[in-house]
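Take a look at the structure set out below.
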Amino acid sequence: MIGLLAALGSGCLGEQGGNQPNPHHAVSLHNDWTRSVTLELRVVRTATNETVHAETYELEPGAEREVYDTAAADPDGIERFAVVLTARNETQRVEIETNACYWYASGGVSEGATWSPGIRSVDSVEITSLVGRGLLNGPTPRSGMRIHWHRRDLRGADNAGLRAAATAAADDETPGVVPVFVFDRDVLAHAGPPRVAFMLDALASLREWYRDRGSDLLVRQGDPREILPALAAEFDADGVTWCKDYSGLATERDAEVRQALAEEDVTREGVHDAIFHEPGAITTNDGDPYQVFTYFSKKWHDRRKPDPFDAPTGDELADVSDDEPLPTLSELGFDAPEADVPPASPAAARDRLSEFCDGPIYRYGERRDYPADGCTSRLSAHLKWGTIGIREVYEETEAAKFAVEEGSDEAESVFEFQDQLAWREFYTQVLFYNPEVVTENYKEYERAIEWREDPEALQAWKDGETGYPIVDAGMRQLRKEAYMHNRVRMIVASFLTKDLLLDWRHGYDWFREKLVDHDTANDNGGWQWAASTGTDAQPYFRIFNPTTQGERYDPDAEYITTYVPELRGVDPDLIHDWPTLSLTQRQQAAPEYPAPIVDHGERREQAIEMFESARGDD
């Protein structure tokens, strides 16, 4: 199968730091293209852009070669290098884009030098991706068909992976993309009913979209490591494309899928799609991933954003059909969701985006924290499942910004919304470089945090029965809509970790089960922010007062009474004062609503003591 694989070694230099007696950087090259390709490897000292090592490899079809580079570092200090790969054939020369791979050497490369990896790179680069984009040209040996494996990109338009597959297939005599979705049990094991229901609705819409164009979405259940090679053989396909996912689970799965396809001589290409800038594209001046959002955000806004990709035409799609119906929730092992799940389709996403950009986006900066105002986009589930592309969203928001006066409050409000898109990428980067944060604290404390164990309090929190109105409104909205306003997410997360003193992982697991828009990177980042265990997190001594939060962001208790019917008709001042009312006052105002389960003032002091103990301050 055509394709040249240049896989950069994990961690850049062996293990994660430590003494490396003979440190080196490994680059594995395999040319299974039908023509010879020249690969040039350069090691560049990034401080001066000086090439300190260069080698050229002529790889005949089928040739494999492993290269070890031992470029010298400055023995008097710490150096930083980057690997640059360039591919060329007889007429063209293309620099291959990878996650920049930096490493550091303290004391040079002598025996016993301490080496530390910088940005790890797990990219593999295939010449077929360059061929598909018209950057390198050459014949192809098979049918010309490509398989596109849909995962979290359930749309036809603005889909970078699908566009790459369609472009490559259209260059061949027998064009056609075969779309496929695989219900992967390993992935479903981490899902909840609302997300699966949304996904099934989105898949039904996607299948209809393909059928309208004379093709179909093939649906399979099982292990993609087995299914995708089998489909490639069935259709005599040249290659398989998919849009990249950066979670630890997805990265491991995709590496195994790559290996399975390679063993069958099938080209494979993971295409960057879900976010604008891949992990490693935005770094500090020293080449490290950012740990503070503000600095990351500045560079994110300064970078050019690509335009949306064109959807494939019917002529670019394979003439295939699949009579197998989509599985039901129960067939996949899920109960019906407790919540009313919103419709899932590109049309529904565009309607939401259009409605948002017609007005609410101009009030977003000022009113986004007020849950009753309806000034948020509610696009999170669509971005999670890719029923709309990030480039299309950005393009529409840019149009909204240019429709108002430059520098105006309205333009600044649009900028504030775009900043939320940057937050998604920031947390994706954090997860990519620290996959362990799904279950472990990002921030290290001197001692373990002594979280409480209180099943009854946890259940009261889940049920929205804490006696703190703004908290209970949020938790009940979650059950009712599989969604919660972002400001309220911060309030309920702070309450769980700082008032109930319960481990953030309990909250993260509950959100993962109940949210239709659960995204590993975003939700984990948000929970660890609130728990003061994450990167760029809320300081442990800054603790949300739920009463003050309710008064400030829902002064008329409009949001609260929408989801807490026991408090309807109660004066807003009494609602906000609920935790401090006497028993008699509470019984007179709303006898069916519970008393507060904890005293915020007392628990605030206990929370500070808990974190100071973990810091080793006592």
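If only residues of the stretch 346-397 that are on the phi > 0 side of the Ramachandran plot and under 21 Å from the mean Cα position of the chain (by Cα) are counted, the one that is surrounded by the most Cβ atoms within 10 Å (Cβ to Cβ) is GLY386. Any residue that is of a type outside the set (Val, Ile, Thr), more than 16 Å from VAL488 (Cβ to Cβ) and modelled with pLDDT of 95 or more - is there at least one of those in the stretch 541-554? No, there is no match, as no residue in the stretch 541-554 is of a type outside the set (Val, Ile, Thr), more than 16 Å from VAL488 (Cβ to Cβ) and modelled with pLDDT of 95 or more. Of all positions in the stretch 399-416, none carries a residue that is open to solvent by less than 50 Å² (accessible area, probe 1.4 Å), modelled with pLDDT of 95 or more and in contact with a His (Cβ under 8 Å, 6 or more places away or on another chain).
Yes/no per residue for (1) open to solvent by 30 Å² or more (accessible area, probe 1.4 Å); (2) in contact with a helix residue (DSSP H, G or I) (Cβ under 8 Å, 6 or more places away or on another chain); (3) under 29 Å from TYR364 (Cα atoms):
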site	(1), (2), (3)
ASP554	no, yes, yes
GLU558	yes, no, yes
ARG568	yes, yes, yes
HIS576	no, yes, yes
GLN587	yes, no, no
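For the stretch 470-503, taking the residues that are assigned to a helix (DSSP H, G or I) and among the hydroxyl-bearing types (Ser, Thr, Tyr), the one that is surrounded by the fewest Cβ atoms within 10 Å (Cβ to Cβ) is identified as SER494. Looking across the stretch 282-314, the residues that are under 16 Å from ASN434 (Cβ atoms), part of a loop (DSSP other than H, G, I, E, B), within 18 Å of the chain's Cα centre (by Cα) and not β-branched (Val, Ile, Thr) come down to TYR290, GLN291. The criterion of being modelled with pLDDT of 50 or more, assigned by the TED database to the domain that holds GLU226, under 17 Å from TRP242 (Cα atoms) and surrounded by 24 or more Cβ atoms within 10 Å (Cβ to Cβ) holds for ALA166. Checking every residue in the stretch 441-460 against the condition of being open to solvent by 40 Å² or more (accessible area, probe 1.4 Å) and among the small types (Gly, Ala, Ser) gives at least one match. Criterion applied to PRO342, PRO327 was being outside any helix (DSSP H, G or I), at negative phi and open to solvent by 20 Å² or more (accessible area, probe 1.4 Å), and the one residue passing it is PRO342.
Within the stretch 457-476, residues that are basic (Lys, Arg) sit with their Cβ atoms under 6 Å from residues that are surrounded by 20 or more Cβ atoms within 10 Å (Cβ to Cβ), at 6+ positions apart or across chains, in these pairs: ARG476/GLY464; ARG476/TYR563.
Scan the stretch 246-277 for residues that are buried (at least 19 other Cβ atoms within 10 Å of the Cβ) and acidic (Asp, Glu) and the total you get is 3.
For the stretch 227-237, state whether one or more residues are open to solvent by less than 10 Å² (accessible area, probe 1.4 Å) and assigned to a strand (DSSP E or B). Within the stretch 227-237, none of the residues are open to solvent by less than 10 Å² (accessible area, probe 1.4 Å) and assigned to a strand (DSSP E or B). Taking every residue in the stretch 298-325 that is farther than 19 Å from GLY161 by Cβ and pairing it with any residue that is of a type outside the set (Val, Ile, Thr), at least 6 positions away or on another chain, the pairs with Cβ-Cβ distances below 6 Å are TRP300/ALA422; SER321/ASP216; ASP322/ASP216; ASP322/LEU218.
Give me a count of the residues in the stretch 397-424 that are in a loop (DSSP other than H, G, I, E, B) and either touching a residue at least 24 places away in the same chain (Cβ under 8 Å) or outside the structural domain of HIS301 (by the TED database) (or both).
1
Among the residues of the stretch 563-618, those that are of a type in the set (Lys, Arg) and closer than 30 Å to SER532 by Cβ comprise ARG603, ARG604, ARG615.
Residues that are part of a helix (DSSP H, G or I) and surrounded by fewer than 20 Cβ atoms within 10 Å (Cβ to Cβ) within the stretch 210-219 comprise just one, ARG211. Check the stretch 525-542 and report whether any residue there is out of contact with any helix residue (DSSP H, G or I) (no Cβ under 6 Å at 6 or more places or on another chain), crowded, with 18+ Cβ neighbours inside 10 Å and more than 30 Å from PRO289 (Cβ to Cβ). Among the residues of the stretch 525-542, not one is out of contact with any helix residue (DSSP H, G or I) (no Cβ under 6 Å at 6 or more places or on another chain), crowded, with 18+ Cβ neighbours inside 10 Å and more than 30 Å from PRO289 (Cβ to Cβ), which makes the answer no.
Residues in the stretch 431-440 that are buried (at least 20 other Cβ atoms within 10 Å of the Cβ) and either among the small types (Gly, Ala, Ser) or out of contact with any Phe, Trp or Tyr (no Cβ under 7 Å at 6 or more places or on another chain) (or both): VAL437 only. Answer with yes or no whether ARG505 is within 24 Å of HIS382 (Cα to Cα) and out of contact with any Phe, Trp or Tyr (no Cβ under 7 Å at 6 or more places or on another chain). It is false that ARG505 is within 24 Å of HIS382 (Cα to Cα) and out of contact with any Phe, Trp or Tyr (no Cβ under 7 Å at 6 or more places or on another chain).
Filtering the stretch 297-316 to residues that are in contact with a strand residue (DSSP E or B) (Cβ under 9 Å, 6 or more places away or on another chain) and either surrounded by fewer than 15 Cβ atoms within 10 Å (Cβ to Cβ) or of a type in the set (Asp, Glu) (or both) leaves only GLU316.
The helices (runs of 4 or more DSSP H) located wholly in the stretch 504-618 that include 2 or more residues which are of a type in the set (Val, Ile, Thr), within 36 Å of the chain's Cα centre (by Cα) and not assigned by the TED database to the domain that holds HIS382 occupy 546-553, 558-563.
The values are calculated or read from the model by the stated rules, or taken from the named source; none is laboratory data. None of the values given here were measured: they were computed from a predicted structure. Positions of Cβ are generated from backbone atoms using ideal geometry, with glycine treated the same way; all protein chains shown enter the neighbour counts. These accessible areas exclude ligands, DNA and RNA; they are computed on the full protein's heavy atoms, side chains included. Shrake-Rupley method; radii C 1.70, N 1.55, O 1.52, S 1.80 Å.
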